[in-house]
Structures are given as structure tokens and as C-alpha cells.
Amino acid sequence: MRSETDVVVIGAGQAGLSAAYFLRRAGLEFVVLDQNAGPGGAWRHRWPSLRLDKVHKFHDLPGMAFAEQDEHRMASEVVAEYFDRYERAFDLPVRRPVEVAAVRDEGERLLVESAGDSWAARAVINATGTWTRPFWPHYPGQETFTGRQLHTADYRSAEEFRGRHVLVVGGGTSAVQLLIEIADLASGTTWVTRRPPVFKDVEFGPELGREAVAKVERRVRAGLPPASVVSVTGLMRTPQVRDAEARGILDRKPMFDHITPTGVVWPDGSEQRVDVILWATGFRAALDHLAPLHLREPGGGIRMEGTRVAAEPRLHLVGYGPSASTIGANRAGRAAVREIRRLLSTQREALPTAS
């Protein structure tokens, strides 16, 4: 079935709900399409051991405070409950589960297609995040490994690794968090990264945040893929990290040369036996459904002007690049709706008047 509306929002995570809130305030007709079975966005898939007290600062959605919660509860449960209350409080038209297969240029409108339905929209706000696109790098011999390989997207509990030697690959915050968690139960751990990790003894405050956002924004304005968060912020040396350093858990090694059926081989030819390889190698933006619009620049990214795609002014990406944080997503949602209101006003003024 085909429907027409002013705006389609793809994704009902922090960025998508923020955009929906401002669309509701603007009085525009819209629908939110979410591929999940229930509220919570990517948060509903976080590993059970990720409690609220281990989560970086979580910012309120616009118009409703994230009420004080038991910090020992699972973040996945608490955030999903909050998103559910939010959707109901503002009567947001979220349809789920709907997986968007493609967005196409249909002349005056953009056509958003799923397996069963389609929506012809004057503008589209894409808020699909990264969780569905875990990045798995390829190394020689990877397919021969007889132990277990998994990505952080598949991680559930350190208990799975009790008595095993675990190799953690990746230099981000998730790699550090999971390494510390696993170390207490594993028979041993090894941490490898492509570049030496940079730990900072400063608190991640507004100034550092603005600096990080500015660096990412320069990249997307140039049509380059957004850089990883840790590449622009570094790793924070929290009390938990200091304790892990003192215990020797964060003894980082440079990348191995190749993988064998039973482990990895270092550049000097020596072999390390491991039972599990945990790829904490991050995620990529989930944008495959936008491929029919041919937005990729020669640099591999999508050139942006604020939240708007430079090559397609009817399309906004929120929760992408510089807005890929909870507070950034809120601001991006507001900015995208402000521009869309101007766009729709211009479109309506251009329509011929009845004689």
C-alpha cells in the first residue's frame, strides 16, 4: 500500500524520536518507521551486563526528563521503558516492525519502500544509526580459526568466556569495558589495537565534546566517512580504567600478522593460542537503503551541510557524523525539522494557485 505524507522518519532511536518530537510541535504530517519489535532503538540490544552506572552520560529526550533510575538495572531495559513512555506521551506515530528496503527519487517526492508498503514523502529524516552494521575487519587465516569469533554486537555476558583465553581486538571504549569485564572470569586475555591507545586524564566535558564534534563535522562536510569516536576523543582514564591498568589487564599489544586454527601469529613469528576472538571493531552507518540516491562522494562518505545531505536537500541524516551522540541527536532533530519547515514552505509557495 502506498501512502503520502510530509515527512518520513526512518528509525526510532534517540535521533528519530527527537526529530519526531519537533515534527509534532511543527504541526507537520509524518510517520516514524522502526525495524525493531518494540521501543528502545539500539539500546534494546545492549548486552545485559551493561548497567546504567557503566553508561556514558545519557541525555534527556526533548520535552521529557529521563527520571532518576536504579543504576544497577540493565541499561537496555531502562532506556526501552523511557522511549516507550516518550512515544506514548507525545502520541508519536511509530510503525513497527518496518524495515526500509530503499529510498528512491520519485520526482517531487522521495519514495520510502519496505517489503509491503511505501510512503511518498516531501522530506525524509534518516535516523538509522549504526547498530545493525557491525564492522568485521578481515585478516589472513580468519576463516580457519576453530575457536569462537564474535562481534561486540553479539556479546551478552562475560560468563560465556569463563576459563577461556580471549583475544579482544579494538581500541575503543567498548573494547576496554568488555576486556575489564571478561578478565575476571577468563583464563587469560590479550588486547590488540592497530594504534597505541591514548588515555586522557581529563573528564569528558563540553569543551572536549565541542572539539570532537568540530573534527567530525569537518570530515562530513568534505564528503569523508565520519571518524570513529575514540579517534577524536581518546579514552577516558576512569577509576575503573586505572584499576585495570594497575592489574595489567590493559597491557596492549600491536596487531597480529595472521590468524591460525588455534590462535594468532605475531609479526616476530611467535604464536599465541586463544580460544575466543572478540572483535570490538566498531560499527558503520546503516545507510544501504539510501544507495538508490547515489549520494556517496569520491572520498567514500556523504557530503553534509549541517544535517542536510548536500546532494539531496530533501534528505537529512540525524545521529550521523557530528550528531552521533545523545545530546547531538537532540540538536540535530531540531535543526533538521527547522530546515524541513523552510523547504516545505518554499515548495507550497511554488505550487500553482487555482484559477
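The values are calculated or read from the model by the stated rules, or taken from the named source; none is laboratory data. Everything numeric here is computed off the predicted structure, so don't read it as measured data. As a convention, Cβ positions derive from the backbone with ideal geometry for all residues, glycine included, and neighbour counts pool all protein chains shown.
For region 246-274, filtered to residues that are assigned to a loop (DSSP other than H, G, I, E, B) and charged (D, E, K, R), the residue that is nearest to Thr190 (Cα to Cα) is Asp251. Looking at region 104-154, which of the residues that are in contact with a helix residue (DSSP H, G or I) (Cβ under 6 Å, 6 or more places away or on another chain) and assigned to a loop (DSSP other than H, G, I, E, B) is surrounded by the most Cβ atoms within 10 Å (Cβ to Cβ)? Step by step, filter region 104-154, then rank; the result is Ala127.
The sole residue among Leu185, Leu92, Leu110, Leu150 that is assigned by TED's automatic domain parsing to the domain that holds Arg273 and in contact (Cβ under 8 Å) with a residue 60 or more places away in the chain is Leu150.
Only one of the listed residues (Ala19, Ala80) is surrounded by 15 or more Cβ atoms within 10 Å (Cβ to Cβ), assigned to a helix (DSSP H, G or I), of a type outside the set (D, E, K, R) and at pLDDT below 95. That residue is Ala80. Within region 247-263, is even one residue under 21 Å from the mean Cα position of the chain (by Cα), at pLDDT 95 or above and surrounded by 13 or more Cβ atoms within 10 Å (Cβ to Cβ)? So far as region 247-263 goes, no, none of its residues is under 21 Å from the mean Cα position of the chain (by Cα), at pLDDT 95 or above and surrounded by 13 or more Cβ atoms within 10 Å (Cβ to Cβ). Here Glu159 does not fit the description of being among the charged types (D, E, K, R) and either without any contact (Cβ under 8 Å) to a residue 12 or more places away in the chain or in the same structural domain as Ala42 (by TED's automatic domain parsing) (or both). Taking the conditions (1) touching a residue at least 12 places away in the same chain (Cβ under 8 Å); (2) exposed (fewer than 13 other Cβ atoms within 10 Å of the Cβ) in turn, Asp268 satisfies each one other than (1). Across region 68-119, the number of residues qualifying as over 23 Å from the mean Cα position of the chain (by Cα) and over 13 Å from Gly38 (Cβ atoms) comes to 20.
Taken over region 198-220, the criterion of being modelled with pLDDT of 80 or more and surrounded by 16 or more Cβ atoms within 10 Å (Cβ to Cβ) is satisfied by Arg219, Val220. Please go through (1) on the phi > 0 side of the Ramachandran plot; (2) more than 24 Å from the chain's Cα centre (by Cα) for Gly170 and return the number of the only condition it doesn't satisfy. For Gly170, the failing item is (2).
Residue-by-condition table, conditions (1) under 20 Å from Val112 (Cβ atoms); (2) touching a residue at least 40 places away in the same chain (Cβ under 8 Å); (3) in a helix (DSSP H, G or I); (4) under 21 Å from the mean Cα position of the chain (by Cα):
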{"residue": "Arg314", "(1), (2), (3), (4)": "yes, yes, no, no"}
{"residue": "Pro322", "(1), (2), (3), (4)": "no, yes, yes, yes"}
{"residue": "Gly328", "(1), (2), (3), (4)": "no, yes, yes, yes"}
{"residue": "Ala332", "(1), (2), (3), (4)": "yes, yes, yes, yes"}
{"residue": "Ile340", "(1), (2), (3), (4)": "yes, yes, yes, no"}
{"residue": "Leu344", "(1), (2), (3), (4)": "yes, yes, yes, no"}
{"residue": "Gln347", "(1), (2), (3), (4)": "yes, yes, yes, no"}
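State yes or no: is Gly306 free of Cβ contacts under 8 Å to residues at least 40 places away in the same chain and either buried (at least 18 other Cβ atoms within 10 Å of the Cβ) or of a type in the set (Gly, Ala, Ser) (or both)? Judged against the criteria, Gly306 is a match. Scanning region 155-166 for residues that are surrounded by 17 or more Cβ atoms within 10 Å (Cβ to Cβ) and either in contact with a Gly (Cβ under 9 Å, 6 or more places away or on another chain) or assigned to a loop (DSSP other than H, G, I, E, B) (or both) gives Tyr155, Arg164, His165, Val166.
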